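Just below is one structure, and these are the notes that go with it.
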Amino acid sequence: MKTISQIIVTMTVGTGIALSAAEQAQPPAPSEGATESSPAKVYFTRDISPVGLLKIYHKVNQDIKGKVAIKWHSGEPNGPNIIPVPMVKALQADIPDSSLVETNSLYEGGRDTTEKHRETLKINGWTFCPVDIMDEEGAVMLPVNGGKRFTEMSMGKNILNYDSMVVLTHFKGHPMGGFGGSIKNIAIGCADGKIGKAMVHGSTPENTWACDQAPFMENMVESAKATLDHFGKRITFINVMRNMSVDCDCMGVDAAPPKARDIGILASTDILAVDQACIDLLYKLPEDELHDLKERIESRGGLHQLEYGAEMGIGSRKYEIIEIE
């Protein structure tokens with residue numbers, strides 16, 4: 001079994017992380033063939049702890065100013081795989097004038113109404129700072145600049161109250177998206193629970209989850225673009241590769257047990273680069289750890305998130321990875 005040190009060999013530019021001779025015999029990572037000319041910087045640490053999170057955040061926080069929204073996933077009650085409370089607490093305490101932000105869910109569960117969502121926040125330990133359920137008082141339409149599927153997206157109204165956003169994501173699988181990274185976090189997570197999320201999922205009254213695979217990925221990218229365009233440079237992205245079940249944290253206690261090892265934390269000011277780098281790292285795991293996540297990603301057409309993200313110009317699939325202690 002390879003260690004993380006063997007998987008992550010050197011820093012490089014273009015296709016992610018350089019491979020050892022043995023690993024070069026494996027199929028290329030999904031970022032092969034990217035055509036963007038300017039690689040983005042993606043920082044990486046193996047230290048999945050409050051200290052590691054703060055170190056990596058300070059590499060990508062240069063434009064985070066004013067009132068700050070920390071967009072994370074509150075999780076269903078007692079979810080076993082959510083980012084640990086001490087890590088999120090440390091980050092929030094380090095960011096002046098910041099609040100955790102979420103929106104209500106479309107599906108029935110512990111978060112589909114504000115009242116139930118507030119109770120879930122208590123159960124899961126999110127009680128150490130203000131938590132803004134952004135659609136508690138309704139929704140607002142934000143433009144999707146250059147969108148092919150949408151011209152605007154319905155978002156939690158309170159998104160307008162913030163100057164900057166830190167997107168703190170638990171990177172893992174997803175029942176519909178194949179994987180959930182930073183794109184998914186803001187695409188579905190900033191959309192309000194009743195209108196925006198239904199738009200992204202392409203739902204109908206007869207079938208809440210009616211959207212085909214490729215359109216769903218494109219809907220997510222365009223929804224994410226609305227948030228990206230709203231904040232401009234004042235948004236940054238952190239992906240925590242820990243407890244990577246094939247299922248989203250929306251599955252709560254029903255999520256499948258993770259088979260992949262914990263890898264680390266990645267951060268970038270480029271949303272596409274950070275998600276691409278996570279996929280590249282994941283695809284370098286041994287087959288017994290990778291198999292279930294790869295099957296989930298590819299059976300849902302999840303890599304189309306990255307393809308369409310490049311087409312929509314939300315970031316670069318080329319990056320250089322910079323490991324920090």
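The values are calculated or read from the model by the stated rules, or taken from the named source; none is laboratory data. Please read all numbers here as calculations on a predicted model, not as lab measurements. So basically every Cβ, Gly included, is an ideal-geometry build from the backbone, and we count neighbours across all protein chains shown.
Values for this structure:
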quantity: Count of the range 241-277 residues which are acidic (Asp, Glu) and over 12 Å from Asn81 (Cα atoms); calculated: 2
quantity: Matching residues in the range 182-219 - criterion: being farther than 17 Å from Tyr308 by Cα, modelled with pLDDT of 90 or more and not in a helix (DSSP H, G or I); calculated: Gly189, Cys190, Ala191, Asp192, Gly193, Lys194, Ile195
quantity: Residue check for Ile265: among the aliphatic types (A, V, I, L, M), touching a residue at least 60 places away in the same chain (Cβ under 8 Å), surrounded by fewer than 24 Cβ atoms within 10 Å (Cβ to Cβ) and in contact with a strand residue (DSSP E or B) (Cβ under 9 Å, 6 or more places away or on another chain); calculated: no
quantity: Subset of the range 69-83 [surrounded by fewer than 22 Cβ atoms within 10 Å (Cβ to Cβ) and under 19 Å from the mean Cα position of the chain (by Cα)]; calculated: Pro80
quantity: Cβ pairs under 6 Å, 6+ apart, first in the range 311-323 and within 14 Å of Leu228 (Cβ to Cβ) and among the charged types (D, E, K, R), second surrounded by fewer than 20 Cβ atoms within 10 Å (Cβ to Cβ) and at pLDDT below 95; calculated: none
quantity: Residue count, the range 283-305 (criterion: crowded, with 24+ Cβ neighbours inside 10 Å and hydrophobic (A, V, I, L, M, F, W, C)); calculated: 1
quantity: Check on Asp132, modelled with pLDDT of 95 or more, under 19 Å from the mean Cα position of the chain (by Cα) and either surrounded by fewer than 21 Cβ atoms within 10 Å (Cβ to Cβ) or on the phi > 0 side of the Ramachandran plot (or both); calculated: yes
quantity: Test result for Phe179, surrounded by fewer than 24 Cβ atoms within 10 Å (Cβ to Cβ), at pLDDT 95 or above and in contact with an Asp or Glu (Cβ under 9 Å, 6 or more places away or on another chain); calculated: no
quantity: Identity of the residue in the range 84-115, farther than 20 Å from Ile56 by Cβ and in contact with a Ser or Thr (Cβ under 8 Å, 6 or more places away or on another chain), that ends up surrounded by the fewest Cβ atoms within 10 Å (Cβ to Cβ); calculated: Tyr107
quantity: Enumeration of residues in the range 259-280 that are of a type outside the set (D, E, K, R), closer than 30 Å to Lys233 by Cβ and in a loop (DSSP other than H, G, I, E, B); calculated: Ile263, Thr269
quantity: Answer from Ser31, Ser38, Ser5 - the residue that is under 24 Å from Ile186 (Cβ atoms), at pLDDT below 95 and exposed (fewer than 13 other Cβ atoms within 10 Å of the Cβ); calculated: Ser38
quantity: Unmet requirement for Lys55, which otherwise passes all of (1) touching an Asp or Glu at 6+ places or on another chain (Cβ under 8 Å); (2) more than 24 Å from Ile159 (Cα to Cα); (3) not in a helix (DSSP H, G or I); calculated: (3)
quantity: Per-region count, the range 137-153, residues within 10 Å of Ala226 (Cα to Cα), of a type outside the set (A, V, I, L, M, F, W, C) and surrounded by 14 or more Cβ atoms within 10 Å (Cβ to Cβ); calculated: 4
quantity: Residue match in the range 113-130 (condition: assigned to a strand (DSSP E or B) and among the polar types (S, T, N, Q)); calculated: no
quantity: Residues located in the range 46-62, provided they are under 22 Å from Arg317 (Cβ atoms) and either in contact with a Leu (Cβ under 8 Å, 6 or more places away or on another chain) or surrounded by fewer than 17 Cβ atoms within 10 Å (Cβ to Cβ) (or both); calculated: Ile56
quantity: Pair list, Cβ < 7 Å and 6+ apart or interchain, from the range 117-129 residues that are closer than 14 Å to Val101 by Cα to residues that are assigned to a helix (DSSP H, G or I) and not aromatic (Phe, Trp, Tyr); calculated: Thr127/Leu121; Phe128/Lys89; Cys129/Gln92
quantity: Candidate set from the range 224-258 (those that are at pLDDT 95 or above and in a loop (DSSP other than H, G, I, E, B)); member that is surrounded by the most Cβ atoms within 10 Å (Cβ to Cβ); calculated: Met244
quantity: Residues located in the range 268-295, provided they are farther than 30 Å from Asn78 by Cβ, charged (D, E, K, R), touching a residue at least 40 places away in the same chain (Cβ under 8 Å) and out of contact with any Gly (no Cβ under 6 Å at 6 or more places or on another chain); calculated: Lys284
quantity: Complete set of residues in the range 281-321 that are in a loop (DSSP other than H, G, I, E, B), more than 23 Å from Tyr43 (Cβ to Cβ) and basic (Lys, Arg); calculated: Arg300
